[in-house]
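*Asks:* Have a look at this one.
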Amino acid sequence: MKPMETISQLSRDEVLSRVRELAGKYARLISITCVDVGQLFELIYVFEDELKMVCFKTEVPHGTTFPSISSLYPGAMLAENEIRDQFGLQFDGIAIDFGGYMFLSHDSPRKPFIKEVRVKGAMKKDEGESG
């Protein structure tokens with residue numbers, strides 16, 4: 001199997017179109033990963049299609065939502081709920097929504113994977129984030 005060479009950058013609409021295309025070919029969803037890159041989240045999707053890795057990413061501004069792919073890949077609801085727990089990114093139309101409590105308890109810190117930045121020696125959460 002040839003190693004993955006690149007990760008394509010796609011727009012929000014292109015992601016949904018590409019996922020529909022892959023679902024139509026019965027490609028296997030391997031993972032959805034989220035990275036906090038400051039004012040944006042980067043969502044990275046990895047699929048296997050006929051023994052080839054298909055990877056693409058998209059950017060999602062903090063404070064916005066992103067469409068769920070769980071209607072096409074029901075198992076995606078696990079990764080999407082985990083991303084919501086850890087980063088606070090909400091997915092529209094998710095098949096089963098744990099409301100931010102799939103892994104976290106009600107007394108856990110909210111959005112524990114959000115980056116924090118040092119400002120004058122003190123820790124401050126990124127702009128636009130609420131409690």
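The values are calculated or read from the model by the stated rules, or taken from the named source; none is laboratory data. Worth saying up front: this structure is predicted, and the values here are computed from it rather than measured. Here Cβ is always computed from backbone atoms with ideal geometry, including for glycine, and neighbour counts include all displayed protein chains.
*Asks:* Can we say ILE94 is closer than 23 Å to GLU21 by Cβ, in contact with a Ser or Thr (Cβ under 9 Å, 6 or more places away or on another chain) and buried (at least 17 other Cβ atoms within 10 Å of the Cβ)? Steps first, answer last, please.
*Replies:* Numbers: closer than 23 Å to GLU21 by Cβ: yes; in contact with a Ser or Thr (Cβ under 9 Å, 6 or more places away or on another chain): yes; buried (at least 17 other Cβ atoms within 10 Å of the Cβ): yes.
For ILE94, the condition - closer than 23 Å to GLU21 by Cβ, in contact with a Ser or Thr (Cβ under 9 Å, 6 or more places away or on another chain) and buried (at least 17 other Cβ atoms within 10 Å of the Cβ) - is met.
*Asks:* Let me ask something else. Tell me whether segment 97-117 contains one or more residues that are surrounded by 14 or more Cβ atoms within 10 Å (Cβ to Cβ), over 14 Å from GLN39 (Cα atoms), in contact with a Cys (Cβ under 7 Å, 6 or more places away or on another chain) and at pLDDT 80 or above.
*Replies:* Scanning segment 97-117 turns up no residue that is surrounded by 14 or more Cβ atoms within 10 Å (Cβ to Cβ), over 14 Å from GLN39 (Cα atoms), in contact with a Cys (Cβ under 7 Å, 6 or more places away or on another chain) and at pLDDT 80 or above.
*Asks:* Under 7 Å by Cβ, and 6 or more places apart or on different chains, what pairs join a residue from segment 4-33 that is part of a strand (DSSP E or B) with one that is aromatic (Phe, Trp, Tyr)?
*Replies:* So the pair list comes out as SER8/PHE56; ARG28/PHE47; LEU29/PHE47; LEU29/TYR73; ILE30/PHE47; ILE32/TYR45.
*Asks:* Could you tell me whether SER68 is of a type in the set (Gly, Ala, Ser), under 16 Å from ILE94 (Cα atoms) and in contact with a strand residue (DSSP E or B) (Cβ under 8 Å, 6 or more places away or on another chain)? Step through it out loud before you land on a result.
*Replies:* On the way: of a type in the set (Gly, Ala, Ser): yes; under 16 Å from ILE94 (Cα atoms): yes; in contact with a strand residue (DSSP E or B) (Cβ under 8 Å, 6 or more places away or on another chain): yes.
When the stated conditions are applied, SER68 passes them.
*Asks:* If you take the residues of segment 66-89 that are polar (S, T, N, Q) and buried (at least 18 other Cβ atoms within 10 Å of the Cβ), which of them is nearest to LEU40 (Cα to Cα)? Let's see the steps before the verdict.
*Replies:* Quick first cut of segment 66-89, residues polar (S, T, N, Q) only: 68, 70-71, 81, 86.
From the residues that got through so far, the ones that are buried (at least 18 other Cβ atoms within 10 Å of the Cβ) too are 68, 70, 81, 86.
On the way: SER68: 18, SER70: 22, ASN81: 18, GLN86: 15 Å.
Looking at the filtered set, the residue picked out is GLN86.
*Asks:* Look at segment 36-59 and say how many of its residues are buried (at least 20 other Cβ atoms within 10 Å of the Cβ) and closer than 23 Å to ILE96 by Cβ.
*Replies:* The initial filter retains those residues of segment 36-59 that are buried (at least 20 other Cβ atoms within 10 Å of the Cβ), namely 41, 43, 45, 47, 54, 58.
Narrowing the set further to residues that are closer than 23 Å to ILE96 by Cβ leaves 41, 43, 45, 47, 58.
The total comes to 5.
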